[in-house]
Every structure is written in structure tokens, then in C-alpha cells.
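Enquirer: Sharing a structure here in C-alpha cells format.
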Amino acid sequence: MSTDTISMTEYHHKEGNNRLGLWLFIVSDAFMFIGLLVARFYLLGSDQHPEANQFLGLGITTVLLLSSYFMFRAETLMSFGDLKGFLRNALLTLVLGTIFLIGVVLVEWPMAPGRPSDGATWSIFFTMTGFHAFHVLTGLLLLLIVWRKARKDMYTAERHWAVEAAAVYWHFIDVVWMFYYPALYLIGNPVK
């Protein structure tokens, strides 16, 4: 049944159930991210990760924060029924998210002086960045699906739950990185 044929009451009921499901998923997923963060501090204590590339870390963090800004704009524009504005800002989010992913997987990982098999500190570094990169990839796929459906004019100002869900998930990924970035790149004294 398409959203064109269901009543607004029915749509809002389904939207409420979907909203609950999304937040339950995010809370459960947050436990995994928190567990990795705890593991980082357990393994390294108050020391910085050895030889973490500060410049690259700042660069990819800036790109991810910019993507969150454009995702916020995209969602807001869709809530006002501005389809062209949504498409433009969502596309910028997709591009910036892809740049972040490339920065982590294709630039940072090959440049890293260690490998996951080189000990617990490198293992946790690759696990944390890899788990986050996987979530960025799934966020990009979700946003691409939403973007393509929007091009087919499937959302309106009143009915755009998928846009909101993609935005909430994207912001969740960004918030996680705001904890991971200092934990991996900034906190503590460099290891001697």
C-alpha cells in the first residue's frame, strides 16, 4: 500500500511505530560503540594512540561535521516541501560522507604504521574506525535510497518519514565520531 492511499492517521500511526523501532536500534547500536570506546581506554589508559595522524583525523572530522550540517539542511528543507533543496543538500551529504569514508579506509588505513595484528592498540584503532566506517557506508546507502525516491517525488512536507530516519541515523553516526575522534587522536600524552 503506497503512502498516497493511506490516511494521515494511519500514516502517523505507522510513523510512530517506525520511530520507536529506529530509536531502539540506535540505542542498541550505541552499546557496541560504547563498548569499543571502553576497550580503547582499558587498553591505552590516558595515552594517545601511537602515531595517530593528527592532521588527517582533523580533516576527516571536519568533513563529517560538514556532512551533518548539510543533512540537517536537507531534512529541514524537506519538512517545508522544498524538494530541490533537499536533493541538493542530500547530494552534498552523500559526497562529503564518501570523502570521509575514503579518508578513513583508503588514506588513513594504508598510511598507518601498524596493522591490527601488531597488538591490541592497533587492533582497537582499526576496529573502532572500521566499525564506524561500516556505519557511514550503511548511512550512505540509506541516504542514497532516500535521495533516489525523492527524485521520484515520493515525499512531501507531510509525509517524509524516510528522510527523517536517514537524518537521525546520519546524526547518530556523527555524534559517535565526536567521541571517537578525541579518544583516538587527542586524549592523553603521546606514547613513548
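Enquirer: Given the criterion at pLDDT 90 or above, of a type outside the set (Asp, Glu), within 15 Å of VAL168 (Cα to Cα) and within 21 Å of the chain's Cα centre (by Cα), identify the matching residue among PHE31, PHE100, PHE25.
Expert: After applying the criteria, what remains is PHE25.
Enquirer: Output the residues belonging to the range 149-171 that are at pLDDT 85 or above, crowded, with 16+ Cβ neighbours inside 10 Å and among the charged types (D, E, K, R).
Expert: GLU164
Enquirer: Sticking with this structure for a sec: Of these, LEU91, LEU106, LEU137, which one is surrounded by fewer than 17 Cβ atoms within 10 Å (Cβ to Cβ), over 16 Å from the mean Cα position of the chain (by Cα) and among the hydrophobic types (A, V, I, L, M, F, W, C)?
Expert: Sole residue among the options that is surrounded by fewer than 17 Cβ atoms within 10 Å (Cβ to Cβ), over 16 Å from the mean Cα position of the chain (by Cα) and among the hydrophobic types (A, V, I, L, M, F, W, C): LEU106.
Enquirer: Identify the single condition in (1) within 30 Å of TRP147 (Cβ to Cβ); (2) in a helix (DSSP H, G or I); (3) at pLDDT 90 or above that GLY81 does not satisfy, given that it satisfies every other one.
Expert: (2) is the only condition that GLY81 fails.
Enquirer: Within the range 173-184, can one find any residue that is over 22 Å from the mean Cα position of the chain (by Cα) and farther than 18 Å from GLY21 by Cβ?
Expert: No, the range 173-184 contains no residue that is over 22 Å from the mean Cα position of the chain (by Cα) and farther than 18 Å from GLY21 by Cβ.
Enquirer: All but one of (1) out of contact with any helix residue (DSSP H, G or I) (no Cβ under 7 Å at 6 or more places or on another chain); (2) under 23 Å from GLY35 (Cα atoms); (3) of a type outside the set (A, V, I, L, M) hold for PRO110; state the number of the condition that does not hold.
Expert: Just one mismatch for PRO110, condition (2).
Enquirer: Have a look at GLY139, GLY81, GLY103 and point out the one that is at positive phi and touching a residue at least 40 places away in the same chain (Cβ under 8 Å). First the steps, then the outcome.
Expert: Values: GLY139 fails: at positive phi; GLY103 fails: at positive phi.
Residue meeting the stated conditions: GLY81.
Enquirer: Now for a different question. Condition (residue is of a type in the set (A, V, I, L, M), more than 21 Å from LEU142 (Cα to Cα) and either touching a Pro at 6+ places or on another chain (Cβ under 6 Å) or part of a helix (DSSP H, G or I) (or both)) applied to the range 67-76: is it met by at least one residue?
Expert: So in the range 67-76, the residues of a type in the set (A, V, I, L, M) come out as 71, 74.
Then keep just the ones that are more than 21 Å from LEU142 (Cα to Cα); that gives none.
No, the range 67-76 contains no residue that is of a type in the set (A, V, I, L, M), more than 21 Å from LEU142 (Cα to Cα) and either touching a Pro at 6+ places or on another chain (Cβ under 6 Å) or part of a helix (DSSP H, G or I) (or both).
Enquirer: Do we have any residue at all in the range 149-164 that's at positive phi and outside any helix (DSSP H, G or I)? Full working, then the answer.
Expert: Restricting attention to the range 149-164, the residues satisfying the condition of being at positive phi are 153.
After this cut, where a residue has to be outside any helix (DSSP H, G or I) as well, the list is 153.
Yes, because at least one residue in the range 149-164 is at positive phi and outside any helix (DSSP H, G or I).
Enquirer: Against the definition (out of contact with any Gly (no Cβ under 8 Å at 6 or more places or on another chain) and of a type outside the set (D, E, K, R)), how does ALA157 come out, yes or no?
Expert: On the way: out of contact with any Gly (no Cβ under 8 Å at 6 or more places or on another chain): no; of a type outside the set (D, E, K, R): yes.
No.
Enquirer: Of (1) of a type outside the set (S, T, N, Q); (2) surrounded by fewer than 11 Cβ atoms within 10 Å (Cβ to Cβ); (3) modelled with pLDDT under 80, LEU44 satisfies all except one. Which?
Expert: (2)
The values are calculated or read from the model by the stated rules, or taken from the named source; none is laboratory data. None of these values were measured; they are calculated from a predicted model. A quick note on method: Cβ atoms are made from the backbone with ideal geometry, for glycine too, and the neighbour counts reach across all protein chains shown.
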